[in-house]
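Throughout, read-outs are computed from the coordinates displayed, never taken from laboratory work. Note that the structure is a prediction, hence the values are computed from the model and not measured.
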Amino acid sequence: MGEALGSSTAIDSSNIGFQLLKKHGWKEGSGLGVSEQGRLEPVQAYVKNNKKGLGAEKKRKTPKPSDPPDSKPKNDEEQKTTKKTKALSKRMRKMQEREKQMQEKEFERAFFREFWPDNV
């Protein structure tokens, strides 16, 4: 089985991982694990340059079959305005929620002032 390890994938005996494995009873050319059933070669690593999560696959943007092709914005300006309105509506919803919370607090304060004027 030692021949199965290619020289390009085998780790050098000066490697700290190799030395740690040897120290804990591993024999070169045998698999990892209690029954030596594990992998014989190191896991291949690669550089990940995108912001997607590990294991995420590339997806092509395809229109949904249920959507009619005319419903999509026709130019970049229309797309920008729809994004802005969505962002504004989120901001407006948040402002409305804050306003509602402030009104509830004010109502609570007025209630306490009415029944316990000495404490407020």
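With θ taken as phi - 60° and the Karplus curve 6.51 cos²θ - 1.76 cosθ + 1.60 applied, the whole-hertz 3J(HN,Hα) list for the range 40-50 is 9, 10, x, 5, 6, 9, 8, 7, 10, 9, 9 Hz, x standing for glycine and proline.
If the chain linking Phe18 and Phe112 were pulled fully straight, counting 0.36 nm for each residue of separation and taking away their Cα-Cα distance, it would gain 26.6 nm. Length gained on full extension, Glu36 to Arg91, computed as 0.36 nm times the residue gap minus the Cα-Cα distance: 13.9 nm.
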